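Notes to accompany the following structure.
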């Protein structure tokens, strides 16, 4: 079983999609001569080699390019959110970013108190009707569609499945578009979905994967945090089972089973949020055209599959695929 090897690799490549553990932290700032001041509130560590780090690094890239003054607080607990965000507002930061879906209520509450400042609710599509709140996320629909095209062209058993931790609105969107992508193959394919109840429990993900494989599924799509390792190990330990990766290029970890991936560009999202270009009180979904989602094709994908993916990407970009961000 290759699970121990995968866990070792995970220490270097692990990622977080919606949050992490929380602990109290002090605000840290970097100064610049620009008049724009941007603060980011993080649910996890900025060194997590994952969601928090990538979005933070995106902000810092914008700070360097655009001469922005920045500040951040990491590992913010839920009961600290409002106070941390309010303190940044009191300090006069022009843009305050709640980096993660768990910050919605806190962002909207403080935004109402400071109507002259701009607030960003990240990994979200709901502003709460607050004029100075902007919602920003990457396109789960685009990701699901392209992943579905890959899966549909590689399944031989005509059974594919996605494995996730819990159901949230973005995952329903991903599932719906995944099914549409699978259908492009022209085969009569059964699409299953299993929520394990944990984003990080490797064993649960592995057990769920093995159960699906026992039921005839031969292509798996993990939509998980650290638990994706369990899916990869199950595929590696089984015969003729393949994986379509999400969030990162999973072929770098398991090249013998991963046919392709749809990368979520959190760094680019952090950059755009900090730049000030998105603060209009609307909803911004960064899809393939906006570099929010980047498909990666690996050698295991069939020639027919590669051609179909390239055509699907073009169709998403020009709108003919009918997949809204």
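So if I take the centroid of the Cα atoms in region 250-302 and the same for region 87-164, what is the distance between those two points in Å?
After rounding, the separation between the Cα centres reads 14 Å.
Cα atoms only, region 156-306: Rg and Dmax in Å?
16.0, 51
Based on the alpha carbons, how large is the Rg to Rh ratio for region 245-323 when Rh follows Kirkwood?
1.05
Roughly what angle does helix 266-275 make with the longest principal axis of the chain, taking Cα atoms, 0 to 90 degrees, to the nearest 10?
Tilt of helix 266-275: around 20 degrees.
Please find, in a Gaussian network model of the chain (springs between Cα atoms separated by less than 10 Å), the residue of 91, 53, 108 whose mean-square fluctuation is greatest.
Result for the chain, Cα springs under 10 Å: 91 fluctuates most.
To test your reading of the geometry: what angle, between 0 and 90 degrees and rounded to tens, separates the Cα axis of helix 169-183 from the longest principal axis of the chain?
It works out to around 30 degrees.
In whole Å, what three semi-axes, largest first, describe the equivalent ellipsoid of the chain built from its Cα gyration tensor (square root of 5 times each eigenvalue)? Provide the component values of the computation, followed by the final result.
On the way: eigenvalues 260, 86, 53 Å².
Equivalent-ellipsoid dimensions as semi-axes: 36, 21, 16 Å.
Angle between the Cα long axis of helix 303-318 and the longest principal axis of the chain, 0 to 90 degrees, nearest 10?
Tilt of helix 303-318: around 30 degrees.
Using per-residue counts of other Cβ atoms within 10 Å, averaged over each peptide, order 125-137, 174-186 from highest down.
Ranked by mean Cβ neighbours within 10 Å, highest first: 174-186, 125-137.
Using DSSP, restrict attention to beta bridges with both residues in the chain and report what percent are antiparallel, rounded to the nearest 5.
15 percent
On the Cα set of region 125-171, report Rg and Dmax in Å, please.
Computed over the Cα atoms of region 125-171, radius of gyration and Dmax are 15.7, 50 Å.
Divide by every residue of the chain the summed helix terms, -39500 (n - 2.57) for each DSSP H run of at least 4, and state the resulting mean residue ellipticity at 222 nm, rounded to the nearest 500 deg cm²/dmol.
It lands at -12000 deg cm²/dmol.
Laboratory data are not the source of any read-out in this text; all were calculated from the coordinates shown. Predicted model, so just to flag it, every value in this text is computed and none were measured. Here the Cβ is made from the backbone with ideal geometry for all residues, glycine too, and neighbour counts use every protein chain on show.
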